[in-house]
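The values are calculated or read from the model by the stated rules, or taken from the named source; none is laboratory data. If you're wondering where the values come from, they're calculated on a predicted model, not measured in any experiment. Cβ sites come from the backbone with ideal geometry, for glycine too, and all protein chains shown count toward neighbours.
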């Protein structure tokens, strides 16, 4: 049985290099694993980083292939990402479940749906290159959850979280 994956495990993990067979682009893999390391460091310190990597994001990540230049062994990277996904999924399962109750008084009025659409469009067009095309919500307890659906209800617009 493997131990729980830590930020240091991700930071120090090494992959075999490929030269004359297809591999994954090393820069892309390294950049993604830097975000994973940052996510795990934050979680180990009891905080959820603003750009936290989720298990869903690990499932969806794709790297460019390399053939005639050095890359990372694809099977090794895929196997390691399975461990990363396991770890990030475990974090979500272990976290206390937030239950909706009375609305949290933030001192600010609710955001109008039309304003939210404009803000989403602006955030989408200004997100960093390579950032995932997902919408996440930070809950009052600090958890970050992916939005999986949007519904129109008699009381307004409802975001359904995964």
Report summary line: Considering residues that are closer than 18 Å to residue 162 by Cα and either in the same structural domain as residue 133 (by TED's automatic domain parsing) or over 16 Å from the mean Cα position of the chain (by Cα) (or both), the number found within segment 30-71 is 0
Requested in this report: For segment 1-30, name all the residues that are assigned to a helix (DSSP H, G or I) and either in contact with a helix residue (DSSP H, G or I) (Cβ under 8 Å, 6 or more places away or on another chain) or under 21 Å from residue 86 (Cβ atoms) (or both).
Outcome: 7, 8, 9, 10, 11, 12, 29, 30
Report summary line: Taking first residues from segment 24-37 that are over 14 Å from residue 78 (Cα atoms) and second residues anywhere that are outside any helix (DSSP H, G or I), the pairs with Cβ under 8 Å that are 6 or more apart or on different chains are 31/130; 35/51; 35/53; 36/53
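Tally time: how many residues in segment 64-80 are assigned to a helix (DSSP H, G or I) and touching a strand residue (DSSP E or B) at 6+ places or on another chain (Cβ under 6 Å)?
Just the residues of segment 64-80 that are assigned to a helix (DSSP H, G or I), to begin with: 74-80.
From what's left, touching a strand residue (DSSP E or B) at 6+ places or on another chain (Cβ under 6 Å): 74, 77.
Here the count works out to 2.
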